[in-house]
Structures are given as C-alpha cells and as structure tokens.
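Written below as structure tokens is the structure these notes are about.
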Amino acid sequence: MTKVIFVRHGRTNYNEEGKYDGIGNAQLTQVGKSQANEIAEIFKSEKIHAIYASPLQRCIDTITPLALSKNLEIISDNAFIEIQSPGIQDKVFSCKEYKWENWYGGGEKIIEVDERVRSGLEKIIKNHDWETVVICAHWDTTFMGRNFFHNYDYDTEKYSCDLFLENNPEKYDIHAMYGIEETK
C-alpha cells in the first residue's frame, strides 16, 4: 500500500485578496512561508520516499523546506497543477458563482481535472508501492485527489464546490484547507 500525503500550498497574496490565481504567479505571504516551515517540522520524523508538486511556484515554495529537510528532490508534475480558468484569472472569486461542470472561467472542466489527477495518482501509486509520498498541490487538485481515495460520490455535473460542501458537511472545507491530509 502506498501512503499519500496531500499538502495544499501555503497562503498567498491572492488568497488574502480573495482573487483567483489558477496558473498565474501568486506568491506565498509571510503566513504561507511559515506554513511551509511548519510542514517540515510536522513531518520531521516521517519517512518520506518522494515529493511531488504542481510546477507552480507557490507549491514549489511550500514544499521546499520539507524537501530540503529530507534531502529529496521535488518532482514537478503537471497532473497536479491548478484548474485552468483564464476568464476569472486575477479577479475576485467566489465559488458560489460557478459550477465546475461548466468550466468556470472558460477553462478546464472539473471532470478533466479529475481525470488528470487520477492519472497522476495511478502513476505515483504504481511507482511507489509501499512507500510514503507527499504531493503539494492546489485546492481543486487536492480535492480531486482526496476524492480518488475517499470516493465522496461527487457528481461533477451537479455540484459547485460550495453546494457540494453544503450538502456534505462532514467533508473538509476546501476554502480553509491550508494543511495536510494523509491517505492510504
């Protein structure tokens, strides 16, 4: 069994401004940099075999302290890049206004994101049997990754992210998730 630990990138300047930054260049804030250092501390006694990350700088910066502490290279993987939504890039964003199936912002549909995340996870599981792997990614991709393992019965044709959470209160709040989830 492969152990997968999902880490969402630390807090960014876009998070603080309530703006959407799909594949742009959001930067970690001081809070985000502190969160990155905390991740290394949290996992100081955990045996980690590999670290994967979205190629976007906010993910690389978040996971770098852990990679340095474990003497591991970060494997950049486009499977875990944020959903591409150019129509809402740099705009104030509320999840309530968009349904994932209609490719909010004129970009990818969430079903497409789900397919690429699943494909990435299947490769990781195949290549890291009985190992522990950390993946640093974004809110949509970590949600889809968790869905892969937990099978939330998430209907991409029915839900917006807020409606899903409203109807499934036992699930994690993806808006507030600046942290870690372990999945086996």
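FYI, it's all coordinate maths here, none of it is from the lab. All of these numbers come straight from a predicted model, not from anything done at the bench. Positions of Cβ are backbone-derived with ideal geometry, glycine not excepted, and every protein chain shown enters the neighbour counts.
Take the Cα of Val92, step 7 Å toward its Cβ, do the same at Asn25, and the gap between the two points is 2.5 nm. For the residue pairs Lys19/Lys109; Lys91/Lys123; Lys70/Lys109; Lys19/Lys47; Lys44/Lys109, the C-alpha atoms sit more than 26 angstrom apart in Lys91/Lys123; Lys70/Lys109; Lys19/Lys47; Lys44/Lys109. Per-peptide packing, taken as the mean over residues of other Cβ atoms within 10 Å, places 120-130, 13-23, 49-59, 76-86 in the sequence 49-59, 76-86, 13-23, 120-130 from highest down. Distant-in-sequence amide contacts of Gly10, defined by a placed amide H-H separation under 5 Å and a gap of 5 or more residues or a different chain, comprise Thr62.
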